[in-house]
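Notes follow once the structure below has been shown.
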Amino acid sequence: MHSIDVNEAIERGRFGRLQWTVVAMCGLLLVVDGYDVFIAGTVLPTLIKEWGLTKPEAGVLQAWALFGMMFGALIFGSLADRFGRKNGVVMSFLLFTVATLLTGFAQDPTQFKVARFFAGMGCGGLMPNAVALVNEYSPKRLRGTMVALMFSGYSVGGMVSAGLGIWMIPNLGWRPMFWIAVLPLLFLPLVWWKLPESLGFLIRRGDQAGARAIHARLPGATPLGPQDVLVHDAPTGATASVAELFRGGRGLRTLMLWTAFFCCLLLVFLLSSWLPKVMQEAGYAEKASLLTLFSLNFGGMAGAILGGRLGDRFGLPRVVVAYFVAATLSIALIGFDLPVAALFALVFVAGAATIGTQILLYASVAQLYELSIRSTGLGWASGVGRIGAIVGPTLGGVLLARELPLQQNFLIFAIPAALATLATLVYALSSQPPVATPRVAVAAEAP
């Protein structure tokens, strides 16, 4: 009997059709996910007018979807470690598309909240499983780039939401923005057919036949003989529990990543929920205010792809620290009285350094944990981050209701970015390998 390590096969082989299929399928799903997430900020000004909501009430309305995302990340992330990444992806996708469709039929804020909660559960469950799949099928030298490329679909979805909102809301109202979610359901059979299951999961479950079928599709894979057995080099004995995330010297790094996730998602959903409304109150027309949301997501896509490339070359911890520094400065400066071109440039940088950094944080978590607890690690990091996502829109509503000067609002918004900078700096320093102390040879003197 001869053991074949699937990790070595992926590392040695080319990045071929199978891997591109995984990246493309997961990226397509995240386009829909991003559309669903950013649709909230697109329709928020209209909902405030139609239902007579105060700003704090509107912030709470937004938070229900994010509350669902927190539960979805925790539940589906852990379930996928037991029942399969592919099943987790498909169930999450089905849940949030159906719930988003139903949101368009809501007649009052209560119905809207319930539908958004279930949509949020699906969105929160999709991300950790998609990241885990792309991370597993990518060789280490390309892992950051491929995860970032897949996650750029999230920003594309946000741009589609802003672009459609510019035309659709003034002409057709806000409800068709949610009804469009029925279209992605047509892709579900293709996803089920083309998306492969995790090789590591199949091997741990003892499904050698399923694992061999996928292994044969890897570019340059060695043909297997009847006596060959596929194995995975993940440490044995690890359980998919939260306690495992703090073992093996990972405790401090886990806490710092959770802190960074909390602050980063707070910023992402604070800006995505309130930026159009803030710009309208600052005197910009509706279309111009929605264009700031487009610029934010365009920056997120560019920042993610560039950050993935830089992370593969210089290491993700260094790049994440630099991105949070850029986020702190750009958000703090948005509130100043600036020319329109400078404003859009700063919003672009803020998107690159918040949405883009969120994507790099997912890649960082995927690299920190081994396969057996990877989805659990991603799910818990994302779940803690969703607490920040809930705080973001709610905090924005409370602050804007106080009618503080625009400059002061954005200076306050920059504080979480500064905290995330400190957390990721600690993470980067704790990730450095210990410096070996040189041994000094002492020669004994001859008597």
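The values are calculated or read from the model by the stated rules, or taken from the named source; none is laboratory data. Nothing here was measured: the structure is a model prediction, and the numbers come from that model. Note that each Cβ is placed from the backbone with ideal geometry, even for glycine, and that neighbours are counted across all protein chains shown. All accessible areas refer to the heavy atoms of the entire protein, side chains included, with ligands and DNA or RNA removed. Shrake-Rupley method; radii C 1.70, N 1.55, O 1.52, S 1.80 Å.
Express the accessible area of segment 242-398 per residue in Å², computed with a 1.4 Å probe while the remaining protein chains stay in the model. Don't jump to the answer; show the numbers that get you there.
On the way: 4990 Å² over 157 residues.
Spelled out: the 1.4 Å probe surface of segment 242-398, per residue, equals 32 Å².
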Label point distance in nm, THR110-GLN408, each placed 7 Å from Cα along Cα→Cβ:
3.7
Could you work out the relative contact order of the chain? I mean the mean sequence separation of Cα pairs under 8 Å and 6+ apart, divided by the number of residues, in percent.
27
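Keeping the other protein chains in place, figure out the carbon and sulfur percent of the accessible area of the chain, with a 1.4 Å probe.
On the way: 12230 of 18090 Å².
That fraction is 68 percent.
Kirkwood Rh over Cα pairs of segment 260-341 into Stokes-Einstein at 4 °C, 1.567 mPa s: D in µm²/s?
Details: Rh = 14.1 Å.
Once the numbers are plugged in, D ends up at 92 µm²/s.
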Run the numbers for GLN208 and VAL242: contour at 0.36 nm per residue of separation, minus the present Cα-Cα distance, in nm.
9.4 nm
GLU11-ALA24 pseudo-label distance in nm [points 7 Å out on the Cα-to-Cβ vector]
2.8
Dipole moment magnitude, nearest 20 debye, segment 274-364 about Cα centre, only Lys, Arg, Asp, Glu C-beta charged
280
Can you find, among LEU329, PHE294, TRP174, the residue sitting farthest towards the positive end of the charge dipole of the chain, where Lys and Arg contribute +1 and Asp and Glu -1 at Cβ?
PHE294
Return one whole number: the accessible area per residue of segment 175-225 in Å², for a 1.4 Å probe.
51
Report D for segment 106-249 in µm² per second (integer): Stokes-Einstein, Kirkwood Rh on Cα pairs, 25 °C, 0.890 mPa s.
127
Long-range amide H contacts for VAL229: which residues qualify at under 5 Å (H placed 1.01 Å from N, peptide plane, sequence gap of 5 or more or a different chain)?
HIS2, SER3, ILE4
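Percent of Cα-Cα pairs more than 21 Å apart in segment 1-145, please. Spell out each step's value before the answer.
Values: 5318 of 10440 pairs.
Summing the P(r) tail past 21 Å for segment 1-145 gives 51 percent.
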Which one, MET127, ALA341, LEU399, is farthest towards the positive end of the dipole of the chain when Lys and Arg carry +1 and Asp and Glu -1 on their Cβ?
MET127
Hey, quick one: spin label on THR54, modelled 7 Å out along Cα-Cβ, who in segment 394-416 has an amide N within reach, i.e. under 17 Å?
394-404
Among the aspartates and glutamates, which fall within straight-line cross-link reach of LYS113, defined as a Cα-Cα distance under 17 Å, with same-chain neighbours fewer than 8 residues apart omitted?
ASP36, GLU50, GLU57
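Once fully extended, how much extra length lies between ALA401 and LEU422, figured as 0.36 nm per residue of separation less the alpha-carbon to alpha-carbon distance?
Values: separation 21, 0.36 × 21 = 7.56 nm, distance 2.96 nm.
Contour length minus Cα-Cα distance gives 4.6 nm.
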So with the 1.4 Å probe, I'd like the accessible area per residue for segment 60-128, rounded to whole Å².
33
Computed over the chain: longest principal axis from alpha-carbon atoms vs helix 109-137 long axis, angle to nearest 10 degrees, is 30
Considering every Cα-Cα pair within the chain, what fraction, in whole percent, is farther apart than 38 Å?
23
Loop only by DSSP, 12 or fewer other Cβ within 10 Å of the Cβ. Give me the chymotrypsin sites (Phe, Trp or Tyr not before Pro) in segment 1-109 that pass, ordered by residue number.
PHE105
